[in-house]
Amino acid sequence: MAARPTKAMAKAKAKATDADAPAPTMDSLLATKEIVVACGPGGVGKTTTAAASALMAAVNHGSKVLVLTVDPAKRLANALGLDGIGNTEHKVPASAFKAAGVKPRGELWAAMLDTKESWDSLIGHHAPDEQTRDEILANPLYQNISGRFIQSHDYIAMERLYEIHLSAEYDLIVVDTPPTRNALDFLDAPERLADFFSSRLLRWLIVPYRSKLVNVATKPFYQISDRILGTEFMSDISEFFILFQTMYDGFVERSKAVGRLLSDRRTTFVVVSTLEATPLREAEFFAEQLTARKLHLGAIVLNKVLPDYLQGRAGAKVAEAMKDRAEDLAAELAPVVGAGDAALGDPAQIARVLTEVADSYLNFQVVALREMEERATLAVTPDVLATAPFFDTDIYDLKGLLRLGEQIWE
């Protein structure tokens, strides 16, 4: 009689099945998501990693993919070979793919957030009627600060992402965010802006213009404000926020919808970093924040990583031997090196070069071993841990993006 399966046996079987399953990759991760938010410290290749990920999805999955940058630095257009991109999505032309030697199964589109244009569109969407919309757009204060006031850029980025996703135009949206600490503002912006529109400060600003009855305690504040800033300016402020409050319910409702979208199973976050101590700590901090907020940490991409062969002892032995025998090797090389030009055959100069090369290799090995240690002690565990090497040249076109994409894809 066969033994009845126990819970322990079932658990062991499940563990064995998991072990046999292929490890997740960027390929499999992006195939199952609709939104990918790329985050990380500045200067680690986040923008190019976001673009490369979107490019690989368009090439391999046959998807219609949009890469949306909300980082004010305008690097994305150059990397994609576009003359310029703005709020309106632009399709990467077939000629750019042809020049890169690849034929995509899908389409790649790109856009860069235009804060002012996006705010205008948002006002048109949320305003209760055309008159309110026109009054807000014509308000001098709105015209001057719609692209500048606190959380403006971060909030509108979330709105734009939500709007594009809602349109269902794209199978995948890859979002390139500002550097890490600002990216937290990007996540918090909807809630913070909603809080601002219900704040005590805002109520103080609009009270005298909602009602002529200003109490004795607050009257001096408004008299001083009028004297310093001018009655007309204070009037513009009050009118602006009074009009804005007519859209408060819409902002709050959209804020909650954006929050649900970010925590949806169809959304994932990719944290990009190098293995240098400072950016790696920042990346870990952000990854921990994502986990604390119950947002999906899909991948960590470690960029500009030194090659694995530098970690091996065999290479170090070769470098040490070359350094120790530099003079002997120089004597052997001198006739060969100086065959065409006697001045190049100076044994002392050749020995110096050999020594410098050996020292350089050994120094790189120290850095490579340090990187390996940093990678092993990562405090967070994403679904995918991908690495990309340090390229000899900057990535400035589609071909370069493909090289990067192929490194992180599988």
> How many residues, within segment 371-390, are hydrophobic (A, V, I, L, M, F, W, C) and without any contact (Cβ under 8 Å) to a residue 40 or more places away in the chain?
Replying inline: 1
>> Anything in segment 290-319 that is surrounded by fewer than 17 Cβ atoms within 10 Å (Cβ to Cβ) and over 26 Å from Leu354 (Cα atoms)? List them, or say none.
In response: Thr291, Ala292, Arg293, Lys294
> Is segment 353-362 home to any residue that is touching a Phe, Trp or Tyr at 6+ places or on another chain (Cβ under 9 Å), part of a helix (DSSP H, G or I) and crowded, with 16+ Cβ neighbours inside 10 Å?
Replying inline: no
> Can you name every residue in segment 263-279 that is under 20 Å from Val36 (Cα atoms) and either assigned to a strand (DSSP E or B) or modelled with pLDDT under 90 (or both)?
Replying inline: Thr267, Thr268, Phe269, Val270, Val271, Val272, Ser273
> Looking only at residues in segment 381-410 that are under 14 Å from Ala79 (Cβ atoms) and β-branched (Val, Ile, Thr), which one is nearest to the chain's Cα centre (by Cα)?
Replying inline: Ile395
> Looking at Ala330, Ala376, which one is under 24 Å from Leu275 (Cα atoms), at pLDDT below 90 and not assigned by TED's automatic domain parsing to the domain that holds Thr274?
Replying inline: Ala376
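If I go through segment 153-177 residue by residue, how many of them are assigned to a strand (DSSP E or B) and in contact with a Ser or Thr (Cβ under 9 Å, 6 or more places away or on another chain)?
To start, the set of residues in segment 153-177 that are assigned to a strand (DSSP E or B) comprises 172-176.
Still in the running and in contact with a Ser or Thr (Cβ under 9 Å, 6 or more places away or on another chain): 172, 174-176.
Count: 4.
The values are calculated or read from the model by the stated rules, or taken from the named source; none is laboratory data. Keep in mind that what you see is a predicted model, and the values were worked out from it rather than measured. Cβ sites come from the backbone with ideal geometry, for glycine too, and all protein chains shown count toward neighbours.
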